[in-house]
């Protein structure tokens, strides 16, 4: 199944064909999104990923022939540059932890509105991670093991940027707040990830929360007129 015109290529993996077709129609209504196919099994998903190399794979966590983490890993083996957004009926910590470890970069529960899935697809395509605050709260306790002194070598600038990342700001948002280039912010973020031994922005946020790194660090930066810009804060959603 291929719908839409050109732009962002998305594949959908869900064993309920009617549900998958419904998602495909919602996404294909967006002018820049092209649905390159749907799959109902892991084997079909791997074949589709290998043949289409999609920008994004929207994946049901539970499939008849496999469980979520394995699905994600096999899709990424077939198409390493694909961003995976998980659709799940459960936002429990075990599901989220398994998906993060496998390489997922976006989570949407099946009871959410279609615009949230579209938003997740766009964020992941932009190199961000999409997760709701409720899911993040479920995920944090799973990363409670102590890791002394981690992050002690972060600079003041890196701590400020990490604080803004936890508020859900994208690299472009942060660049605008700090009057720096997106390239400079991207370099700082990569440095933060390296120093925290984190594989993604989401993992960096989890580590920062677990270690209390941002206690006393400003989470919003002054804008040009001296006021605090709170407009970039997302009410109820983290754009990590």
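The numbers here are math on the coordinates, done by the rules we state, and not lab data. Bear in mind the structure is a predicted one, so any value in this text is a computation, not a measurement. Heads up, the Cβs are rebuilt from the backbone with ideal geometry, glycines too, and the neighbour counts pull from every protein chain shown.
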Which of (1) under 21 Å from residue 97 (Cβ atoms); (2) part of a helix (DSSP H, G or I) does residue 187 not meet, given it meets every other one?
(1)
Considering 185, 206, which residue is without any contact (Cβ under 8 Å) to a residue 40 or more places away in the chain, more than 30 Å from residue 34 (Cα to Cα) and either surrounded by 20 or more Cβ atoms within 10 Å (Cβ to Cβ) or touching a strand residue (DSSP E or B) at 6+ places or on another chain (Cβ under 6 Å) (or both)?
185
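Based on this model, can you work out whether residue 69 counts as in contact with a helix residue (DSSP H, G or I) (Cβ under 6 Å, 6 or more places away or on another chain), more than 17 Å from residue 114 (Cα to Cα) and surrounded by 20 or more Cβ atoms within 10 Å (Cβ to Cβ)?
no
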Pull up the range 166-182, narrow it to residues that are touching a helix residue (DSSP H, G or I) at 6+ places or on another chain (Cβ under 6 Å) and within 15 Å of residue 204 (Cα to Cα), then point me to the one that is surrounded by the fewest Cβ atoms within 10 Å (Cβ to Cβ).
166
If you take just the strands (runs of 3 or more DSSP E) that sit entirely in the range 1-108, which of them hold at least 2 residues that are over 15 Å from the mean Cα position of the chain (by Cα) and either closer than 26 Å to residue 135 by Cα or free of Cβ contacts under 8 Å to residues at least 40 places away in the same chain (or both)?
8-13, 33-39
Which listed residue, of 164, 139, 154, 159, is outside any helix (DSSP H, G or I) and more than 12 Å from the chain's Cα centre (by Cα)
154
